[in-house]
Structures are given as C-alpha cells and as structure tokens.
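The values are calculated or read from the model by the stated rules, or taken from the named source; none is laboratory data. Small disclaimer: the values here were computed from a predicted structure and weren't measured. Note: ideal-geometry Cβ built from the backbone for every residue, glycine included; neighbour counts use all protein chains shown.
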Amino acid sequence: MRVVVQGRGGRSRRGGLARVLWAAAELTVTVGVVLLLLVVHQVWWTNRQAAAAAGRRVAALEEAWRTVPGPGAGAGAGSGAGAAAESLASPEPSGAPAAASPSPSEAVGAGGAADRSRDGAAYGVLRIPRLGVAVPVARGIDKRSVLDKGYAGHYPGTAEPGAQGNFALAGHRNTHGEPFRYVNRLRPGDELVVEVRGRRYAYTVDRILPETAPRDTGVIAPVPRSAVRPGYGYTEPGAYITLTTCTPEYSSRYRLVVWGVLAGNRSGGRGVVGTAG
C-alpha cells in the first residue's frame, strides 16, 4: 500500500501571494483616499476659504468708504478725473493672457478713480449682478497675492476704472473662490459695476470672445482687439472693461474674454464685424 504525503510548500506559497496582494490592495486604497482628500481640499475647501475671505474684504472696503468717503463720493458713472495708472510688473497668472515681451501694458489714458494702493491690496469692488458676484479688485495679476485670494486682478498698465482705455481684469474660473466661474453666462446688455472709494462706474457687457490663446495680449490693449482672432474686438478708442479667465473649466488651455463699455460712452465702442458673443 502506497502512502502519499502532501507537502506544505504549495500552501505556503499561496499564502504569501495572498498577503502580497492584500498589502497592495491596502496601499492602493490608501493612495486613492489621499488623492481624493487632496482634490476635495483643492476644489472645495480652498474655494470656501477664498470666497469667505474675499467676502469679508468686500465688506471691509464698503465699511471704510462709508466711514471715510473718498473724493467725488456719490458721483455718477464716468465722472471725476485722476492721475494716470502706474505701470506695474507681475508674474503670469492662471486665467489671464500671458505677458508678452515687451509687457502687454501700454500707455493708459488719464481719468477715472486712480488709487495708489500697493500690488496685491484690494482697492475696489467688481459687481456682476446677473451672477450675484461681488469680488475685491486688487492691483496686479500675481497668483499667490491676488488671484488665489479670490480677487479680480487689475492688469498692470491698463486703464483705471471709468477712464478712457481698457480697464482689464483677470480672475479664476475654478478653485480659490472662482469669482469668474460663470462669466460665460453673461450676455450683451448685462451690467458690470466697479466701485472705488465712493465712486461707481457702470459698464455694459457688449461682446464676448469664447476662446483665444493664452498669449493673446491684444484683448487687454487700450483699444481691445484679439491678435489671434482679429474678427473679435474694437477699432476705435473708448472706455472699456475686459474680464479674462481660463476655458474650458478645470483647464488653462484657452482664455475666455468678456468686453464691456462704460455706460453713456458707447460712441467709442464700434466693434469689428462679427464680434458679437
């Protein structure tokens, strides 16, 4: 009679493989959870933090203006005159046309609510009634000191609010307060209001450029006109406002541009044929 004795080698090998697979599964789950938490922090938590801080800044500015009204308080849109804007340098942000060489800033016309606040300091408020947005406006377009705080960044060298020329702003479309997330919903005729030290400047949305290259600095020129898609823009001087942000959402591949003209100043706002958004 033959007796067969089964060894334990195969069972041991199978047990070792199972332990390796289990450890790999645990590691995969752990990495997935960490990545998920990072995404939640970036997409949700930073939004809440930046939006809340930006809202507090808007309230602080309004309180300061009520307490110590600036010169020309109560003046209507387009009134008042001030010094020409300074030419400021700042790094390229996400959601803004990249600076070319030389700088995209050009000579700025005098007038408007000039404010000598330092780079990164909020000095005004942009209101977009259609979207329910009220966002601080700060000088410069640096990501860390301006855009990531949920502010709208005032492009260096572009016009002051209410002045002849192009008052150009950049803002995040996603994360960090995302004040410009829904600017694609704006339509011609919508209102854009800029407040600075008791002065109020009302612009009317006029044209929309749905997509252009990040280095299309023509859109923030004194007479804004796309250098990439020259069918979009203007041909005559006027008092303009420009909003720029990234598109499509959660991507910085292209830029979305919204243009408006100062209320009561449409004589300088003739557009290029086919520019309506």
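Looking only at region 132-148, how many residues end up being basic (Lys, Arg) and buried (at least 24 other Cβ atoms within 10 Å of the Cβ)?
Residues flagged as basic (Lys, Arg) and buried (at least 24 other Cβ atoms within 10 Å of the Cβ) within region 132-148 amount to 1.
What are the pairs, 6+ residues apart or on separate chains, where a residue within region 212-239 that is closer than 21 Å to residue 164 by Cα and of a type outside the set (Asp, Glu) has its Cβ under 8 Å from a residue that is at pLDDT below 95 and part of a strand (DSSP E or B)?
Hits for this filter: 233/271; 234/271; 235/271.
What residue, among those in region 219-268 that are at pLDDT below 95 and closer than 16 Å to residue 186 by Cβ, is nearest to the chain's Cα centre (by Cα)?
Ranking the candidates gives 249 first.
Tell me yes or no: at least one residue of region 178-185 is modelled with pLDDT of 95 or more and over 28 Å from residue 46 (Cα atoms).
Checked region 178-185: no residue is modelled with pLDDT of 95 or more and over 28 Å from residue 46 (Cα atoms).
When region 137-183 is examined, which residues are found to be of a type outside the set (Lys, Arg), within 11 Å of the chain's Cα centre (by Cα) and not in a loop (DSSP other than H, G, I, E, B)?
The answer is 137, 147, 148, 152, 153, 154, 168, 169, 170, 183.
Tell me, please, whether a residue that is closer than 17 Å to residue 53 by Cα, modelled with pLDDT of 60 or more and surrounded by fewer than 24 Cβ atoms within 10 Å (Cβ to Cβ) can be found in region 166-173.
The answer is no, given that none of the residues of region 166-173 is closer than 17 Å to residue 53 by Cα, modelled with pLDDT of 60 or more and surrounded by fewer than 24 Cβ atoms within 10 Å (Cβ to Cβ).
Any chance you could count how many residues in region 210-243 are farther than 26 Å from residue 59 by Cβ, assigned to a strand (DSSP E or B) and touching a Pro at 6+ places or on another chain (Cβ under 9 Å)?
Step one: of region 210-243, the residues farther than 26 Å from residue 59 by Cβ are 210-240, 242.
Now drop any that are not assigned to a strand (DSSP E or B), which leaves 210-212, 225, 233-234, 239-240, 242.
When the remaining residues are screened for being touching a Pro at 6+ places or on another chain (Cβ under 9 Å), the result is 211-212, 233-234, 240, 242.
Residues flagged as farther than 26 Å from residue 59 by Cβ, assigned to a strand (DSSP E or B) and touching a Pro at 6+ places or on another chain (Cβ under 9 Å) within region 210-243 amount to 6.
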